[in-house]
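Data first, discussion second: the structure below is written as structure tokens.
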């Protein structure tokens, strides 16, 4: 009597397992698409989610924004429609069963063009709220993402067929359960879109002093209305949001450019290194040096055993 054979991986997990065999982040031939493989858990950590579609093919991730928890797994996808400072974790990754995931960066211009091509003159019915949501994956979206990963993994196909594959994925997102939110942020002149303008302004000027009055002028809203709408969408005040963006950018500078804490603090607009270190530890839970060291260890592939 033979033992039972292992349960085969679902198609997307098998594809990511094949095309991202090494630990960490794997770029593809489409710059918007990145594949992820992690064999060790990630404790709850602060990070910045860019506007993106996130899918987990194997395992489970949780994102925390304010008091809300967003869990996504092979049956659900997550979309962030604005840059958002969140906390994220995954707890069940092992070498035998790693977390396999992908992140597709959203291009607002592509989304807007597709919405106009699809055509929709109906009034908005989206209910406001944070620019982060989780929805079930439809068969159509799953099929489109599988095709996208295959195309993105081969340079000629990516160059010739990549734009069409990206459009197909965006098409099914727009027509999906949360498509109304994408429409609101891409086209309609409502509070969500005005907050999006404020977020873009902060992202472009994060190292400069920014007054709420300046953001109110940029968005065409009163200062009090902007403050409430901004908090509704991001769960933070504009000043808190700017602080978080500065700290995330500083961590990235220390990681990618090998800057020390003082240099990174100056680059992102801090005048006081001690204030920077206090606020960095409050957000990330470690000193700048400890946090960057831990992140480097997590992103470095483990040494392969000799055979």
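The values are calculated or read from the model by the stated rules, or taken from the named source; none is laboratory data. Predicted model only: the values in this text are computed from it and were never measured. Here the Cβ positions follow ideal geometry from the backbone for every residue, glycine too, while neighbour counts run over all protein chains shown.
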Are any residues in the range 71-108 under 21 Å from residue 168 (Cβ atoms) and surrounded by fewer than 20 Cβ atoms within 10 Å (Cβ to Cβ), and if so, which ones? 74, 75, 76, 103, 105, 107, 108
Just to be sure, is residue 165 outside the structural domain of residue 267 (by TED's automatic domain parsing), more than 30 Å from residue 253 (Cα to Cα) and surrounded by 18 or more Cβ atoms within 10 Å (Cβ to Cβ)? yes
Specify which of the listed residues (247, 215) is under 19 Å from the mean Cα position of the chain (by Cα) and in a helix (DSSP H, G or I). 247
Go through (1) within 16 Å of residue 193 (Cα to Cα); (2) not in a helix (DSSP H, G or I) one by one and return the number of the condition residue 271 breaks. (1)
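Being surrounded by 17 or more Cβ atoms within 10 Å (Cβ to Cβ), under 20 Å from residue 85 (Cα atoms) and without any contact (Cβ under 8 Å) to a residue 60 or more places away in the chain is the requirement here; does residue 246 meet it?
Details: surrounded by 17 or more Cβ atoms within 10 Å (Cβ to Cβ): yes; under 20 Å from residue 85 (Cα atoms): yes; without any contact (Cβ under 8 Å) to a residue 60 or more places away in the chain: yes.
When the stated conditions are applied, residue 246 passes them.
Residue-wise test of (1) within 20 Å of the chain's Cα centre (by Cα); (2) at pLDDT 90 or above.
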{"site": "243", "(1), (2)": "yes, yes"}
{"site": "253", "(1), (2)": "yes, yes"}
{"site": "262", "(1), (2)": "no, yes"}
{"site": "274", "(1), (2)": "no, yes"}
{"site": "278", "(1), (2)": "no, yes"}
{"site": "285", "(1), (2)": "no, no"}
{"site": "294", "(1), (2)": "no, no"}
